[in-house]
Amino acid sequence: EAGHFLAAKRLGIAVEEFAVGFGPVVWAWRRGETRYSLRLLPLGGFVRLAGESGETAEIPFERTYYGQPAWTRLVLALSGPLANVVLAVALVVGAILGFGLPRPRVAGLVPGRPAAEVFEVGDVILAINGRSAWATEDVGAAIRAVAPEPVTFGIRRGGQELDVSVAPVFSEEEGRYLVGAYFSLLYERPPIGEGVVLSFKWIGGAMAGFVAAIRGLITRDIPAEEVIGPVGIATLLGQRVMDGPLIFFLLVALISLNLALVNLIPFPALDGARMAFALYEVVTRRKVSPRVETAVHAAGFVVLLGLMILIAFQDLRRLFG
């Protein structure tokens, strides 16, 4: 919502109110033509633009929402999701560079297995087959990719960097190839360049996960009961605080990124629908009646509000049931 607010101010659109939260007003003040308010329920916020929900006699038409050309309304609608993406990028880059990422560290060795011949407890895995290693999952993935061929590990041992080669063996008991080592995690800050690259890889993976989740909900491969709302998100954030600052900030970034992607869906009352109306006007050179568009968004808001209530009820039932 801050993205919408700043864009509206920059584009010269009159902002009647900028609110943090919903429900009854706890505190409010006015600066210029804009009323700022803090509301009881901290579940988001909203920006009320002049003329967005009806006529505003006090404001010249050219400074109202529907008094803007289509491209201006398009930019305004896009500014909200864009702000969420920018916030997510800043959080991910800041968290990874500030708190570091987990590297695999040898925590134990199985006697008689290949790893016991080349690894020592405490060895830190820096690279696997020439690629940087930043998670224990990288070890298993590298083994599966080349097994039964040897895997080359770049390690750090006592301040010295070495390259070692381990040939995985097939475990009948596990049903997969193993090297015979157990790994723990050691958090290290990556170099700035690599940290930025890893951040954008993480964001790309998060976006792909969102698309897969939407597809799963549509095809019913993912049960609707697994969707969480504000109550569930607050509970999850509280739990992740105990997992350390990296996980907490990555989760906040994921929420911000998902909010951006949800808002791009062309459903009435969402930014995606406002963009669709603006694009329709650009393509057809015909403007939809403000009353019609307002009614469509109002109907969509009622549907979304109903969904939010149902999901919140589901969150509470999951929490206390």
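Only one residue of Trp134, Gly159, Leu198 has its Cα farthest out toward the positive end of the dipole of the chain, where Lys and Arg carry +1 and Asp and Glu -1 on Cβ, and that residue is Leu198. Entry note, the stretch 1-64: relative contact order of 34 percent, from Cα contacts under 8 Å with a spacing of 6+ residues.
Assuming R0 = 22 Å, can you tell me the calculated FRET efficiency for the pair Glu194 and Arg144, based on Cβ-Cβ distance, to the nearest 0.05? The formula returns an efficiency of 0.40 here.
Which whole-number percentage describes the relative contact order of the stretch 101-188, with Cα contacts under 8 Å and a sequence gap of 6 or more?
On the way: 192 pairs, mean separation 34.5, N = 88.
Once divided by the residue count of the stretch 101-188, the mean separation gives 39 percent.
Size of the stretch 101-188 from its Cα atoms: along the principal axes, largest to smallest, the extents are 35, 24, 20 Å.
In whole Å, what three semi-axes, largest first, describe the equivalent ellipsoid of the stretch 159-244 built from its Cα gyration tensor (square root of 5 times each eigenvalue)? Display every interim value, and only then the final one.
Numbers: eigenvalues 229, 107, 54 Å².
Those come to 34, 23, 16 Å.
Between Ser165 and Ala212, take the C-beta separation as r, use R0 = 35 Å, and let me know the FRET efficiency to the nearest 0.05.
Values: r = 36 Å, r/R0 = 1.02.
It comes out at approximately 0.45.
Near Glu281: Cβ cut-off under 14 Å, other residues only, Lys/Arg at +1 and Asp/Glu at -1. The net charge is +4. Rg/Rh for the stretch 1-64 stands at 0.98; both radii use Cα atoms, and Rh follows the Kirkwood definition.
Just the projected area, averaged over all directions, of the convex hull on the alpha carbon atoms of the stretch 139-194: how many nm²? Can you show the working numbers first?
Values: hull surface 20.6 nm².
Mean projected area for the stretch 139-194: 5.1 nm², to one decimal.
Taking the square roots of five times each eigenvalue of the Cα gyration tensor of the chain, the equivalent ellipsoid has semi-axes of 50, 21, 20 Å, listed largest first. Across the chain, Cα pairs under 8 Å and at least six residues apart give a relative contact order of 17 percent.
Going out from 0 in 5 Å bins, what whole percent of all Cα-Cα distances in the stretch 242-321 drops into each bin? Taking every Cα pair in the stretch 242-321, the percentages come to 3, 13, 13, 17, 16, 13, 10, 7, 5, 3, 1. Note on the chain: with a GNM built from Cα contacts shorter than 10 Å, the maximum mean-square fluctuation among Ala145, Ala253, Ala133 falls on Ala145. Considering only beta bridges that DSSP places wholly inside the chain, some 90 percent are antiparallel. Each Lys and Arg adds +1 at its Cβ and each Asp and Glu adds -1 at its Cβ; summed about the Cα centre, the chain shows a dipole of about 1020 debye.
Calculated from DSSP H runs of 4 or more alone, at -39500 (n - 2.57) each and per residue, what is the 222 nm mean residue ellipticity of the chain, nearest 500? Provide the component values of the computation, followed by the final result.
Values: 9 runs with 159 residues, N = 321.
-16500 deg cm²/dmol, from helical runs alone.
The modelled label-to-label distance between Arg35 and Lys287, using points 7 Å beyond Cα along the C-beta direction, is 2.7 nm. Across the stretch 4-18, coupling constants 3J(HN,Hα) worked out from phi with the 6.51/-1.76/1.60 Karplus curve, θ = phi - 60°, read 4, 4, 5, 5, 4, 4, 5, 7, x, 8, 5, 9, 7, 8, 10 Hz, and Gly and Pro carry x.
Once the convex hull of the C-alpha atoms of the stretch 49-207 is built, how many Å³ does it hold per residue, rounded to a whole number?
Values: hull volume 27.3 nm³, N = 159.
Measuring per residue, one finds 171 Å³ for the Cα hull of the stretch 49-207.
Each value in this text was obtained by applying a stated rule to the coordinates, not by laboratory testing. A quick note: this is a predicted structure, and the numbers were derived from the prediction, not measured. No Cβ is skipped: glycine too gets one built from the backbone with ideal geometry, and neighbour counts run over all protein chains shown.
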